[in-house]
């Protein structure tokens, strides 16, 4: 018996339902094997993966491609052609199988990324003076900070310590 987790699959290309007139495709891979058990190992090995153990889904971005792993499916987008899709699918299947083979050497990670704090929680720790020294009103700055934490230094009145308590 092979140690490969994914031994067979079917691939299809489709335009995304939400963007029917785009010039790229999504590659859907219907797996003949359930990959639920490998998801925590993928989460541990793939940089910047985001895993939801309860929902059994792992999201990952690599080389401007978004991957979604579910128990019997892998989706990758955007892809420009059937040839690119086949190459990406073969590569990701190899990665999954390699991680599965090495699973005894890997500490599984069942935790997902912690979501950024919500805008109102950030707003609560701001001075609420709308001084615009950062270039924003306090509410707009809270929104900008949620999207990009590197903006933290723009507010001279926000304590880094207070912000990092939120995250």
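Below is a table of values for the structure above.
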{"item": "Selection from segment 29-48 of residues that are farther than 16 Å from residue 7 by Cα, out of contact with any helix residue (DSSP H, G or I) (no Cβ under 7 Å at 6 or more places or on another chain) and not in a loop (DSSP other than H, G, I, E, B)", "result": "39, 40, 43, 44"}
{"item": "Selection status of residue 25, crowded, with 20+ Cβ neighbours inside 10 Å and at pLDDT below 95", "result": "yes"}
{"item": "Counted residues, segment 150-165 - those being surrounded by 13 or more Cβ atoms within 10 Å (Cβ to Cβ) and in contact (Cβ under 8 Å) with a residue 24 or more places away in the chain", "result": "4"}
{"item": "Helices (runs of 4 or more DSSP H) wholly inside segment 49-159 containing at least 2 residues that are modelled with pLDDT of 95 or more and in contact with a strand residue (DSSP E or B) (Cβ under 8 Å, 6 or more places away or on another chain)", "result": "82-101"}
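Residues are listed down the side, and each one gets a yes or a no for (1) without any contact (Cβ under 8 Å) to a residue 60 or more places away in the chain; (2) more than 18 Å from the chain's Cα centre (by Cα); (3) under 30 Å from residue 161 (Cβ atoms); (4) crowded, with 16+ Cβ neighbours inside 10 Å:
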{"position": "39", "(1), (2), (3), (4)": "yes, no, no, yes"}
{"position": "49", "(1), (2), (3), (4)": "yes, no, yes, yes"}
{"position": "60", "(1), (2), (3), (4)": "yes, no, no, yes"}
{"position": "69", "(1), (2), (3), (4)": "yes, no, no, yes"}
{"position": "76", "(1), (2), (3), (4)": "yes, no, no, yes"}
{"position": "79", "(1), (2), (3), (4)": "no, no, no, yes"}
{"position": "85", "(1), (2), (3), (4)": "no, yes, no, yes"}
{"position": "88", "(1), (2), (3), (4)": "no, no, no, yes"}
{"position": "100", "(1), (2), (3), (4)": "no, yes, no, yes"}
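The values are calculated or read from the model by the stated rules, or taken from the named source; none is laboratory data. No experiment lies behind these values; they were computed from the predicted model shown. A quick note on method: Cβ atoms are made from the backbone with ideal geometry, for glycine too, and the neighbour counts reach across all protein chains shown.
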